[in-house]
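Worksheet: one structure, shown below.
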Amino acid sequence: MHDDSVAKLHALLHAYAERKAKAQTAPSASHAEGERQRRACGEILRTVVRPVLEQFQGELKSAGHEAATRDHTERNDAYPSVALSFTPSAPNSPDALASAIIFRFDPRHGIVVQRDVKPSPRRGKVVTTTGDRLGTIGIDLVSADWVGTKTLDFVTAVLKAN
């Protein structure tokens, strides 16, 4: 690396370290409120959303499909989320791909629901990695019925695509 580039890199890293040090010494009220919302959302995802997804997981598995839940409500390096992945299994489509529905915290919208439905490659459709948003809801409005409706819509879309 050129000496000039090294000097610029050092200056950038020093400015970054100073900015982060200032931000850590004076937590703002909005930061504290954001952290409270994040914890509250994690609790809703754990106590309301995850049990519904686990129930769907059990039913899907008992019908012979692959299903798994993921819980990322305790992580400090990401917004809380809970997900259900579902791979339909059928004799005529052994190569089905895993699809997923994710309920995650968004500080601007509350809880956002996204799904990524992947059709079987045998259906001749191009597999994309984009998902679509099924909806958003305020943290205080989340209910097991709402989660069930969104998850049932997801399962319907996966079965139709495969």
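Each reported figure results from applying straightforward, stated rules to the coordinates on display, with no laboratory input. On a predicted model such as this, the values are computed, not experimentally measured, just so you know. Because the Cβ atoms are built from the backbone with ideal geometry, glycine has one as well, and the counts that use them run over all protein chains shown.
Output ³J(HN,Hα) for segment 44-60: one whole-Hz value per residue in order, computed from phi by the Karplus curve 6.51 cos²θ - 1.76 cosθ + 1.60 with θ = phi - 60°, and x for Gly and Pro.
5, 4, 6, 8, 10, 6, 4, x, 5, 5, 5, 5, 4, 4, x, 5, 5
With the crude spin-label approximation of a point 7 Å out along Cα→Cβ, what separation in nm comes out for residue 159 versus residue 4?
Going from the residue 159 label point to the residue 4 one covers 6.6 nm.
Along its three principal axes, how long is segment 34-161 when you only count alpha carbons? Whole Å, largest extent first please.
48, 29, 25 Å, listed from the longest principal axis down.
Among the aspartates and glutamates, select those whose C-alpha is under 17 Å from the C-alpha of residue 8, and discard any that sit fewer than 8 residues away in the same chain.
18
Could you give the length gained on full extension between residue 149 and residue 40, defined as 0.36 nm per residue of separation minus the Cα-Cα distance, in nm? Display every interim value, and only then the final one.
On the way: separation 109, 0.36 × 109 = 39.24 nm, distance 2.22 nm.
Computed gain between residue 149 and residue 40 is 37.0 nm.
Could you tell me what a quarter of the Cα convex hull surface of segment 43-98 works out to, in nm² with one decimal place?
Across all orientations, segment 43-98 yields a mean hull projection of 4.3 nm².
By how many nm would the segment from residue 141 to residue 70 lengthen if fully extended, with 0.36 nm per residue of separation less the alpha-carbon distance? Walk me through the intermediate numbers first.
On the way: separation 71, 0.36 × 71 = 25.56 nm, distance 2.22 nm.
Stretched out fully, the residue 141 to residue 70 stretch lengthens by 23.3 nm.
Long-range amide H contacts for residue 135: which residues qualify at under 5 Å (H placed 1.01 Å from N, peptide plane, sequence gap of 5 or more or a different chain)?
Close amide H contacts, sequence-distant or interchain: 113.
Amide H to amide H under 5 Å from residue 73: which residues, 5+ apart in sequence or cross-chain, H placed 1.01 Å off N in plane?
81
Show me, for segment 140-156, the HN-Hα J-couplings you get by feeding each phi into the Karplus relation (A = 6.51, B = -1.76, C = 1.60, θ = phi - 60°), rounded to Hz, glycine and proline as x.
6, 9, 5, 9, 4, 5, 4, 4, x, 4, 5, 6, 5, 4, 5, 4, 4
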